[in-house]
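S.K.: This is the structure I want to talk about, given as structure tokens.
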Amino acid sequence: MKVVKKITIIVLRIIYKIVYFFSALRVGLRMNQIYSIWKSNSLKKSGENLFFEYPIYLHGGKHIEIGDGFNSSLRFRLEAYDEHLGYQFTPRIKIGHNVSINSDCHIGAINEIIIEDGVLIASKVFITDHYHGEISSDAITIPPSERKLFSKGPVKIEKNVWIGEGAVILPNVIVGENSIIGANSVVTKDIPKNSVVGGNPAKVIRTL
């Protein structure tokens, strides 16, 4: 009887943990859905089935458009700056349909960043269209935090691009459709469509 009782207690504990785990998942999912609706109201335009996992760091939502079926994991930074240190900018971020962004990514614009449909972005990716000041002998006389933000040009990531973990996409770059950006790559120039690239600076390794 003691053995049966012990087994029963163990089984009940396992059942309790399973039920608790899935209940917590449901509660967490529901809270994130409510959170996503709240945050999407800050955007210029948002599509259906948009999902932000808590927390997201959102700035300048009135300059940001996101399409249907978007999802991002925790600690996503999405920032469009129309003013910095008294200087004015006209930023735009447009994200297409069915774009998926993993955790700890950062997208920042003072000019324009376009991410087209079906793009997959791994964790810790940084996409920017600007720098803290121009890269010049005059600029280095000013502390970086006090320099006027400067953009060399917009960023465009075309359809079905896959960006690997830790990659960086710098200003004035077009990443061609269906391309694969290798982990920890630093993209400084245009990438032709159907390319596999890697390295710092990123170079074409293979054409698909």
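S.K.: Which entries of Lys39/Lys189; Lys45/Lys203; Lys62/Lys203; Lys39/Lys124 have Cα-Cα distances beyond 29 Å here?
M.R.: Check vs 29 Å cut-off fails for Lys39/Lys189; Lys45/Lys203; Lys62/Lys203.
S.K.: Using the Kirkwood formula on the Cα atoms of the stretch 36-104, what hydrodynamic radius do you get, in angstrom to one decimal?
M.R.: This gives a value of 12.2 Å.
S.K.: State in Å² the accessible area per residue of the chain; use a 1.4 Å probe, count heavy atoms of protein chains only, and round to the nearest integer.
M.R.: Accessible surface, normalised per residue, equals 59 Å².
S.K.: Specify the angular offset, from 0 to 90 degrees and rounded to the nearest 10, of the alpha carbon long axis of helix 2-40 from the longest principal axis of the alpha carbons in the chain.
M.R.: Roughly 30 degrees, rounded to the nearest 10.
S.K.: Next question. How large is the accessible surface of Asp104 in square angstrom, using a 1.4 angstrom probe and rounding to the nearest 10?
M.R.: Here the accessible area works out near 50 Å².
S.K.: Around Ile115, which amide H atoms from residues at least 5 apart in sequence, or from another chain, sit under 5 Å from its own amide H, with H modelled in the peptide plane?
M.R.: Hits under the 5 Å cutoff: Lys94, Ile95, Gly96, Ile157.
S.K.: While we're on this one: Tell me, what % of the accessible area of the chain is carbon and sulfur with a 1.4 angstrom probe? All intermediate terms of the calculation are to be shown ahead of the outcome.
M.R.: Working: 7050 of 12300 Å².
In the chain, the share of accessible area belonging to carbon and sulfur is 57 percent.
S.K.: For the stretch 179-189, in order, what is each residue's ³J(HN,Hα) by Karplus, 6.51 cos²θ - 1.76 cosθ + 1.60 with θ = phi - 60°, in whole Hz (x at glycine and Pro)?
M.R.: In residue order, the calculated couplings are 7, 10, 9, x, 4, 6, 6, 10, 8, 10, 9 Hz.
S.K.: Another question about this same structure. Run the 1.4 Å probe and let me know the accessible area of Tyr54, rounded to the nearest 10 Å².
M.R.: Answer for Tyr54: close to 140 Å² accessible.
S.K.: Using a cut-off of 18 Å between alpha-carbon atoms, which aspartates and glutamates can reach Lys148, once sequence neighbours fewer than 8 places away in the same chain are excluded?
M.R.: Glu79, Asp82, Glu83, Glu112, Asp129, Glu134, Asp138
S.K.: What do you get for Rg/Rh of the stretch 68-174 when both radii come from the Cα atoms and Rh is the Kirkwood radius?
M.R.: 1.00
S.K.: How many percent of all Cα-Cα pairs in the chain sit more than 24 Å apart? Let's see the in-between values first.
M.R.: Working: 10627 of 21528 pairs.
More than 24 Å apart: 49 percent of the Cα pairs in the chain.
S.K.: Okay, next question. Given only helices, namely DSSP H runs of n ≥ 4 each adding -39500 (n - 2.57), what is the per-residue ellipticity at 222 nm of the chain, to the nearest 500 deg cm²/dmol?
M.R.: Theoretical 222 nm ellipticity from helices: -7000 deg cm²/dmol.
The values are calculated or read from the model by the stated rules, or taken from the named source; none is laboratory data. Being a predicted model, the structure only gives us computed values, none of them experimental. Just the protein is used for accessible areas: all its heavy atoms, side chains included, with ligands, DNA and RNA removed. Shrake-Rupley method; radii C 1.70, N 1.55, O 1.52, S 1.80 Å.
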